[in-house]
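Trainee: Sharing a structure here in C-alpha cells format.
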Amino acid sequence: MSVVWIDGLDRTGKDTQCKYLLPVISPCINIHGYNCAGIDDKTQQVIQKINVIEELEMFDRNASTQFLCNRTHLGELVYGWLYRHYYADYIYEIEAQYQDKQWFKNSSLFVFVDVPENLIKREDGNSSNGFAIDNIRKEKELFETAFRKSCVPNKKLINIDGKSIKEVNEEILEFLENRNLLKYQYDLLKA
C-alpha cells in the first residue's frame with residue numbers, strides 16, 4: 001500500500017495531475033480534500049485536526065489499498081495560519097507517528113508552486129492587485145516550509161512555472177520510477 005499526496009497553490013494543476021495519475025496507480029481510492037467553511041476558526045481547527053488523524057489512521061488500517069489524495073494535511077499548515085489564524089504544527093507530530101510504517105515509507109508527496117503573477121493571470125486573465133499577489137507569495141512560502149518540514153520520505157517540490165501539463169506529469173512519474181514506487185504499485189496489481 002502507498003499514498004500519493006498532491007498539494008500546492010491553487011491553479012497549479014493538482015486536479016489535472018490527479019486525473020493523469022489515476023490510471024497509472026489504479027486500483028486506488030481517490031480522495032479529494034475536505035473543507036469546513038462557514039464555522040468559527042477554533043471549531044474548524046479541531047475538525048481539521050480530527051480529519052488529519054482519521055485520514056492517516058484510515059491509511060494505516062487499509063494496508064493493501066492505494067490512495068491518491070488531492071490536497072493534503074499540509075494545506076492546513078498554510079491556510080490555518082494565513083486565513084484562520086491558528087498554528088497547525090500538530091501536523092508534523094501526527095506524521096511522525098506513522099513514519100516507521102511501511103505504507104508511509106512507500107508514500108509520496110508532491111507540492112506544486114508557481115510564480116504568484118502567473119497564478120493570478122490564470123484566474124482572471126488580467127493583472128492583479130497587490131493584496132492578492134502578497135497572499136499568494138505568503139502561501140507559496142508557507143507551502144515550501146511545510147514541504148521541507150514534512151516527514152514524508154519521498155517528496156518533491158515542483159515549480160510549474162513555464163512547464164506543460166505533460167512535463168509536470170513526466171516529472172512526477174520519473175520521480176516515482178526512480179524510487180521504485182511505481183514498481184511497488186505495479187507489484188500490488190499483480191498480487
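Taken together, the values in this text are just the output of simple stated rules run on the coordinates, not laboratory data. Computed from a predicted structure; not experimentally measured. Quick reminder, even Gly has a Cβ in these numbers, built from the backbone with ideal geometry, and neighbours come from all protein chains shown.
Trainee: Which FRET efficiency value, to the nearest 0.05, is calculated for ASP40 and SER164 with the Förster distance at 45 angstrom and r the Cβ-Cβ distance?
Mentor: 0.60
Trainee: When you count, for each residue, the other Cβ atoms within 10 Å and take the mean per peptide, how do 90-101, 138-149 rank with the highest first?
Mentor: Details: 90-101: 14.7, 138-149: 17.4.
Going from most to least packed, we get 138-149, 90-101.
Trainee: Shifting gears a bit: So which of LYS140/LYS163; LYS19/LYS105; LYS101/LYS155; LYS42/LYS163; LYS42/LYS105 end up more than 27 Å apart by C-alpha? Let's see the in-between values first.
Mentor: Details: LYS140/LYS163 17 Å; LYS19/LYS105 24 Å; LYS101/LYS155 16 Å; LYS42/LYS163 39 Å; LYS42/LYS105 32 Å.
Violating the 27 Å Cα-Cα cut-off are LYS42/LYS163; LYS42/LYS105.
Trainee: Now for a different question. Between LEU173 and ASP134, what is 0.36 nm times their sequence separation minus the Cα-Cα distance? Round to one decimal in nm.
Mentor: Details: separation 39, 0.36 × 39 = 14.04 nm, distance 3.22 nm.
Stretched out fully, the LEU173 to ASP134 stretch lengthens by 10.8 nm.
Trainee: Another question, if that's okay. Gain in length, GLN97 to MET58, computed as 0.36 nm per residue apart minus the alpha-carbon separation, to one decimal in nm?
Mentor: On the way: separation 39, 0.36 × 39 = 14.04 nm, distance 1.37 nm.
Between GLN97 and MET58, full extension yields an extra 12.7 nm.
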